[in-house]
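Working notes, structure below.
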């Protein structure tokens, strides 16, 4: 159903490196780079993340209440992706932990541009 999600960034090279490194072990890479926008994912036929400098050439800013949620496959992978994001320059916005008993495990970070990411596992 979802083709891609786009987030605004201030530095394309930094954003491409951050997300390619962060999501590389999930099989993601830059699939299409058009200068001011790049698509990152496993294939053009699966949901992707697009990073871009805003079309109107105004400064980017993260939306309050907007969040990109990534499902790495297990609680251990949530922990690993959280740590990796921090190591790549993200800031903590909620350490890994059980949020809803026996249902939802999650961790939250903000990328170098302030965009909020969640890593989650149901079960």
Does at least one position in region 66-77 carry a residue that is under 16 Å from residue 116 (Cβ atoms), part of a strand (DSSP E or B) and in contact (Cβ under 8 Å) with a residue 60 or more places away in the chain? yes
Per the filter on region 79-91, residues crowded, with 17+ Cβ neighbours inside 10 Å and not in a loop (DSSP other than H, G, I, E, B) are 79, 81, 82, 84, 85
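Can you confirm whether residue 102 is assigned to a loop (DSSP other than H, G, I, E, B) and over 13 Å from the mean Cα position of the chain (by Cα)? Give the steps one after another, and end with the answer.
Values: assigned to a loop (DSSP other than H, G, I, E, B): yes; over 13 Å from the mean Cα position of the chain (by Cα): yes.
Criteria met by residue 102.
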Checking residue 62 against (1) modelled with pLDDT of 95 or more; (2) buried (at least 16 other Cβ atoms within 10 Å of the Cβ); (3) closer than 21 Å to residue 20 by Cα, which single condition isn't satisfied? (1)
From 112, 101, residue being surrounded by 12 or more Cβ atoms within 10 Å (Cβ to Cβ) and either outside the structural domain of residue 41 (by TED's automatic domain parsing) or within 19 Å of residue 24 (Cβ to Cβ) (or both): 112
Taking the condition outside the structural domain of residue 12 (by TED's automatic domain parsing) and in a strand (DSSP E or B), does residue 94 pass? yes
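The values are calculated or read from the model by the stated rules, or taken from the named source; none is laboratory data. A quick note: this is a predicted structure, and the numbers were derived from the prediction, not measured. All Cβ positions, even for glycine, are placed from backbone atoms using ideal geometry, and neighbour counts span all protein chains on display.
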